Amino acid sequence: MTLSFIRAYQLRERMTQKDRLNAEFLYYNNVTGELDKTYFVLLRLLELFFRDVFVHINLAYTLLRLGQLKRAADDSHMHPIRGGLNYNMELRWDGVPSLADALRMLKEQAERTPAPQWVRVIGGWTEFQFAEGRMPTLDEINAVAPDTRLRDAFV
């Protein structure tokens, strides 16, 4: 098995981003034992693939191995039941660079969300991430999703 991890690591530049990061995780975790590198690869995976439950599990396990029990409990916190039930009705704005992009995403999500369900904007986002430096107005929200209720988890 170790030889497979080594070979995958050697060929990682030919892989998709997610597969490359997974190959790096397996290599650092199982071959070299470099937990600090394992941790940083998992953080990158978490940033890019937040809904991947295995990233959360591996991050918690790595933090436990690093002796950080409290962080393991905090950083691996997730809601798989809620996520599974509401996945198609959720929208994440964390990392979206502009209000125009965020409102376009909201419009697309509202069109996909069946009535009478709410669109849920979840995750950590702030008005300071947007190029405009402000939150969307109620008029802007109503213009793109006039017939859809919205639950916004502003952080």
- Query: Which whole-Hz ³J(HN,Hα) couplings does the range 93-108 yield from phi under the Karplus relation 6.51 cos²θ - 1.76 cosθ + 1.60, θ = phi - 60°, glycine and proline marked x?
  - Reply: 10, 4, x, 6, x, 9, 5, 4, 5, 4, 5, 4, 4, 5, 4, 5
- Taking amide H positions as placed in the peptide plane 1.01 Å from N, state which residues far from Leu91 in sequence (5 or more) or on other chains have amide H under 5 Å from it. Arg120, Val121, Ile122
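Arrange Met15, Met89 by Cβ neighbour counts within 10 Å, fewest through most, would you? Don't skip to the answer; put the middle values down first.
Working: Met15 14, Met89 18.
So the residues, fewest neighbours to most, are Met15, Met89.
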- Go through Gln129, Phe49, Tyr39 and say which Cα lies farthest out towards the positive end of the charge dipole of the chain; charges sit on Cβ, +1 for Lys and Arg, -1 for Asp and Glu. Tyr39
- Task: Starting from the alpha-carbon convex hull of the range 80-152, give the projected area averaged over all orientations, in nm².
- Result: 4.6 nm²
- Any idea what the relative contact order of the range 10-58 is, in percent, if you count C-alpha pairs under 8 Å spaced at least 6 apart? 25 percent
- How large is ³J(HN,Hα) for each residue in the range 139-144, as worked out from phi by the Karplus curve 6.51 cos²θ - 1.76 cosθ + 1.60 (θ = phi - 60°), to whole Hz, x for Gly and Pro? 4, 5, 5, 5, 5, 8
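Add -39500 (n - 2.57) for each DSSP H run of 4 or more in the chain, then divide by its residues: what number comes out at 222 nm, to the nearest 500 deg cm²/dmol? Intermediate values should be presented prior to the final figure.
Details: 8 runs with 82 residues, N = 155.
Calculated from helices alone, the mean residue ellipticity at 222 nm is -15500 deg cm²/dmol.
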- Which whole-number percent gives the relative contact order of the chain, counting Cα pairs below 8 Å spaced six or more residues apart? 15 percent
- Item | Total charge dipole magnitude, the chain, about the Cα centre, Cβ charges on Lys, Arg, Asp, Glu only, Debye to nearest 20 | 540 debye
- Correct option for mean projected area of the Cα convex hull in nm² [calculated from the coordinates] among [x] 14.2; [y] 11.1; [z] 13.7: [y]
- Item | J(HN,Hα) series, the range 45-53, from Karplus relation 6.51 cos²θ - 1.76 cosθ + 1.60, nearest Hz, glycine and proline x | 4, 4, 5, 8, 10, 4, 7, 7, 4
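Bear in mind that the values in this text are calculations on the coordinates, not laboratory data. Here the structure is a predicted model, which means the values were calculated and not measured. We place every Cβ from the backbone using ideal geometry, glycine too, and count neighbours over all the protein chains shown.
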